Amino acid sequence: MPSGRGFAMLSLLLVLWASPRAAFAQDHGSSPLELPEATRRALQSLVGGVVEVAVPHEYTEDDDWGKTKWVTRELKFDTRGLLPRLRRVKHPVKHGDWSRYRIARPAGDENLSFELSDASFNDKGELRVDAVVATPLKLWGQYARWHENVQLISLSCDADAAARLTLDMTIRAEMRLDTLPPSLGLAAEVTEARLKLTDFRVRRISKADGPIVRELSDSIHRIAQKMIDKKRRQLVEKANKEIAKQTEKLRLTPADAALFWRPEPATQATAPRD
């Protein structure tokens, strides 16, 4: 059984948990409020995990790399049968327009920029907050044109961009009874998710000129946007699954909770009208 100190902590948690609408609030209403640092750190770690499923560490597209065609390279006499005949022998050769692309996201939370905005309470007493995280992207593309094993041109391009993930989240207080003494925690849910490609710029390109150079940089941007569009699908569901795996990151101690937990303000009873 828990000690007397444990019962005291349990009593405190029960009192705090009984007033979830007061969580994190200096005052009630829909006006923006400042979140405690402990909560900011917990949410930042949580959202960092969502980035892992929203933006892959590496994405490649090379379906158009390595095209060939079959050409006649030699003639041979086929002596099988009654009469010999001349037979063409074909071999594959490099041919056509080749292209390949790679997008890389640097690992490590130090490469993420994190921001919380528009924190306020809704009518249900849940905290609503927008969590915005941006991660840099390194993009690379290569284009080559071949004609029957002869390379006519080869270009490469390096570019930088960023992926910006915005999560609309609702957070409510809950008490965790799976430990002794019990602890306070937060239950977070993503209600809307937006993923956007921003800040695209070409860093280096092969020495060349003309429409083909512009087409290569445009293609890199198009492939990056294609990756972002793919990852938008079912993003809310994927984000909530990732959050469910990281519930422990939103576990708060009573000492942390006492910094921002406030009781419901008392309301004056109004006298009945005659």
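The values are calculated or read from the model by the stated rules, or taken from the named source; none is laboratory data. Everything numeric here is computed off the predicted structure, so don't read it as measured data. Note that each Cβ is placed from the backbone with ideal geometry, even for glycine, and that neighbours are counted across all protein chains shown.
A few remarks follow.
Here is a yes/no grid of residues against (1) of a type in the set (Asp, Glu); (2) at negative phi; (3) more than 15 Å from the chain's Cα centre (by Cα):
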site	(1), (2), (3)
Thr60	no, yes, yes
Thr72	no, yes, yes
Phe77	no, yes, yes
His95	no, yes, yes
Tyr101	no, yes, yes
Gly108	no, no, no
Leu112	no, yes, no
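- Residue in segment 72-82 that is under 26 Å from Arg222 (Cβ atoms), among the acidic types (Asp, Glu) and either assigned to a strand (DSSP E or B) or at pLDDT 85 or above (or both) present: no
- Residue check, Leu180 crowded, with 16+ Cβ neighbours inside 10 Å and in contact with a helix residue (DSSP H, G or I) (Cβ under 9 Å, 6 or more places away or on another chain): no
- Against the list (1) of a type in the set (D, E, K, R); (2) under 20 Å from Ala38 (Cα atoms); (3) touching a Phe, Trp or Tyr at 6+ places or on another chain (Cβ under 8 Å), the condition Glu110 fails is (3).
- Selected residue (criterion: modelled with the highest pLDDT) from residues of segment 127-138 that are farther than 22 Å from Ala161 by Cα and buried (at least 18 other Cβ atoms within 10 Å of the Cβ): Val129
- Strands (runs of 3 or more DSSP E) enclosed by segment 107-182 - at least 3 residues per element that are of a type in the set (Val, Ile, Thr) and closer than 30 Å to Tyr59 by Cβ: 127-147
- Of the residues in segment 189-212, at least one is within 28 Å of Gly125 (Cβ to Cβ), at pLDDT 90 or above, small (Gly, Ala, Ser) and touching a strand residue (DSSP E or B) at 6+ places or on another chain (Cβ under 6 Å).
- Qualifying positions in segment 196-245 - assigned to a strand (DSSP E or B) and exposed (fewer than 13 other Cβ atoms within 10 Å of the Cβ): Thr198, Asp199, Arg201, Arg203, Arg204
- Annotation note: of Leu165, Leu112, the sole residue that is crowded, with 17+ Cβ neighbours inside 10 Å and at pLDDT below 90 is Leu112.
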